[in-house]
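K.L.:
Take a look at this one; I'll ask things after.
Any read-out appearing in this document is the output of simple, stated calculations on the displayed coordinates, not a laboratory observation. Just so it is clear, the model here is predicted, and its values are computed rather than measured. Quick reminder, even Gly has a Cβ in these numbers, built from the backbone with ideal geometry, and neighbours come from all protein chains shown.
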Amino acid sequence: MKYYKKEIPEIIIFEPSLHEDERGCFYESYVKEFYDNAIGRDVNFIQENVSVSKLGVLRGMHYQTQPYEQAKLISVAKGEVFDVALDIREDSLTYGKWTSEIISSDNNKRMWIPEGFAHGFLALTDDVVLNYKTTEYYSPDHEIIFKYNDPKFSIDWPKEINYIISEKDS
């Protein structure tokens, strides 16, 4: 497995090593010690969520406040997404900046998004199955949603798709 940091260095992309033969392929999707070393701390996931989305579904930008602030490890079991992390740490040098990555069942990438970042994604294919592990439980009373197209952040979402957005995310 290998990893690299994005232009916002707290965001890390993990790429597993694939072992392929005539039967198919095998890879280790999560090895705690490797991830902890790359992230620089002991990470304990306590919840895993699955989101199934049609082509064009845009979910986000979601964040939870203390004491339910979450770090997330994003992966895609089926399909492809444009995944976005937005730095909302007011004391950060990269406050208000965002970064993105195409994550798919073909490239098998994982995206680490630490606490202090809002998260969202756009389904680029039909029937996307996105998984994310979290370090804290979901708490609707602590959830904050930033509008996906807030001009303050200027996230450059792909334009060639008609978006499907929930009332909550609008």
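K.L.:
Over the Cα atoms of the stretch 93-154, what Rg and Dmax result, in angstrom?
P.N.:
Radius of gyration, then largest Cα-Cα span, for the stretch 93-154: 13.5, 37 Å.
K.L.:
Using only alpha carbons, build the gyration tensor for the stretch 24-101 and give me the equivalent ellipsoid semi-axes, biggest first, whole Å.
P.N.:
23, 20, 13
K.L.:
Further, regarding this structure: As an exercise, identify the trypsin sites (Lys or Arg not before Pro) in the stretch 104-149 lying in DSSP coil whose Cβ has no more than 15 other Cβ atoms within 10 Å.
P.N.:
Passing sites in the stretch 104-149 are Lys147.
K.L.:
Let me ask something else about it. List the relative contact order of the chain as a percent without decimals, with contacts defined as Cα pairs under 8 Å and 6+ residues apart. Present the calculation step by step, with values, prior to reporting the outcome.
P.N.:
On the way: 377 pairs, mean separation 52.1, N = 170.
Normalised by residue count, the contact order of the chain is 31 percent.
K.L.:
Go ahead and run the numbers for FRET between Asn107 and Arg41, Cβ-Cβ distance against an R0 of 22 Å, rounding to 0.05.
P.N.:
0.25
K.L.:
Sticking with this structure for a sec: Cut-off is 10 Å between beta-carbons; in what order do Arg59, Arg89, Arg23 appear when sorted fewest neighbours first?
P.N.:
Listed from fewest to most nearby Cβ atoms, that is Arg23, Arg89, Arg59.
K.L.:
Specify which residue in the list Ser100, Leu130, Met111 is farthest towards the positive end of the charge dipole of the chain, using unit charges on the beta carbon of Lys, Arg (+1) and Asp, Glu (-1), about the Cα centre.
P.N.:
Working it through, the farthest residue towards the positive pole turns out to be Ser100.
K.L.:
Taking every Cα atom in the stretch 22-170, find the radius of gyration and the maximum pairwise distance Dmax, and write them in Å.
P.N.:
15.3, 51
K.L.:
Over the stretch 94-170, what is the relative contact order in percent, taking alpha-carbon pairs closer than 8 angstrom and at least six residues apart?
P.N.:
About 35 percent, as a whole number.
K.L.:
Same structure, new question: Distance check, please: which entries in Lys32/Lys97; Lys2/Lys168; Lys32/Lys159; Lys109/Lys159 exceed 32 angstrom between their Cα atoms?
P.N.:
Violating the 32 Å Cα-Cα cut-off are Lys2/Lys168; Lys32/Lys159.
K.L.:
Then there is this: If amide H atoms are built 1.01 Å from N in the plane of the peptide, which residues on other chains or at least 5 residues away come under 5 Å of the amide H of Val57?
P.N.:
Ala123, Ile164
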